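First comes the structure, then the notes that go with it.
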Amino acid sequence: MQTPPSDFPAEPVRLEGQGLVLREWGESDLPVLAELYDDPEISRWTPVASPFDEAAARAYVASAREARCACRRIQWAVTTDGGEPLGEVLLFRAGPDDRDIEIAYGIGSRFRRRGLAGRALGLATHYASGRLRARRVLLRIEADNLASTAVARSAGFRLTGDALLVREVKGRRVVLRTWCHRPSR
């Protein structure tokens with residue numbers, strides 16, 4: 001008998017570990033969020049609006065809060081101390097099997113190459129596997145996204161044999177490969 005998945009919590013969740021604090025986005029984060037996401041690399045690899053200004057940040061935070069309250073998604077600001085956001089990591093159900101949880105992440109250009117994405121991914125993966133009892137913790141990454149592929153590998157994710165996933169994102173066809181977390185033995 002399989003354990004049913006836990007619902008996403010309706011209240012804010014704060015995670016701490018690996019030198020990071022993952023916390024909910026707040027109104028005071030809007031200028032920083034606009035700076036983080038108004039970036040060509042974020043625009044290239046994510047469905048986030050571009051250009052991304054403070055109005056887009058306000059709508060994004062409102063959508064994140066609404067989705068969390070409806071138990072559909074968790075979006076965390078990645079910080080080192082609970083203060084200034086350096087990026088984001090988010091969790092959501094990943095398709096036909098609601099026991100699968102997908103994680104997505106993005107780190108601001110000024111903060112890349114510091115191991116933040118891998119550490120944030122590790123915290124989120126541990127939460128999804130433990131608290132949410134995910135059957136599989138997944139990433140969906142375009143083949144050409146070499147930086148994200150490196151983060152996935154370093155965090156213990158491996159390519160699956162799942163069929164390629166095709167999505168329409170900002171008017172272009174995106175082909176994603178599925179990665180699944182494989183804990184080290």
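Structural remarks
- Of all accessible heavy-atom area on the range 5-130, the percent that carbon and sulfur account for (1.4 Å): 52 percent
- Length gained when the stretch S129-L164 is fully extended (0.36 nm per residue, less Cα-Cα span): 10.3 nm
- Normalised per residue, the accessible area of the chain is 52 Å², obtained with a 1.4 Å probe and no contribution from ligands, DNA or RNA.
- Normalising the average separation of contacting C-alpha pairs (under 8 angstrom, six or more residues apart) by the number of residues puts the relative contact order of the range 31-112 at 24 percent.
- Shape category assigned to the chain from the gyration tensor of Cα positions, a/c cut at 1.5: rounded
- The range 110-173: C-alpha gyration tensor shape, a/c 1.5 cut-off, then a/b vs b/c: oblate
- Legend: calculated FRET efficiency, E54 to R99, from the Cβ-Cβ distance at R0 = 41 Å, rounded to 0.05, equals 0.65.
- Ranked by solvent-accessible area (1.4 Å probe, protein heavy atoms only, all chains present), the residues R68, R114 order from largest to smallest as R114, R68.
- Rounded to the nearest 500, the 222 nm mean residue ellipticity of the chain from helices alone is -9000 deg cm²/dmol, with -39,500 (n - 2.57) taken per DSSP H run of at least 4 residues.
- Taking all C-alpha pairs of the range 15-79, those more than 18 Å from each other amount to 40 percent.
- The chain - percent relative contact order, Cα under 8 Å, separation 6 or more: 19 percent
- FRET efficiency for V174 and R114, using Cβ-Cβ distance with R0 set to 22 Å, rounded to 0.05: 0.25
- Inter-label distance for A150 and E11, nm, one decimal - labels placed 7 Å from Cα along Cα-to-Cβ: 4.0 nm
- Rounded if a/c under 1.5, otherwise prolate or oblate - the range 51-124, Cα gyration tensor axes: oblate
The values are calculated or read from the model by the stated rules, or taken from the named source; none is laboratory data. Model, not experiment: these values are computed from the prediction. FYI the Cβ positions are ideal-geometry reconstructions off the backbone, even for glycines, and counts take in every protein chain you see. Calculation scope for accessible area: heavy atoms of the full protein, side chains included, ligands and nucleic acids excluded. Shrake-Rupley method; radii C 1.70, N 1.55, O 1.52, S 1.80 Å.
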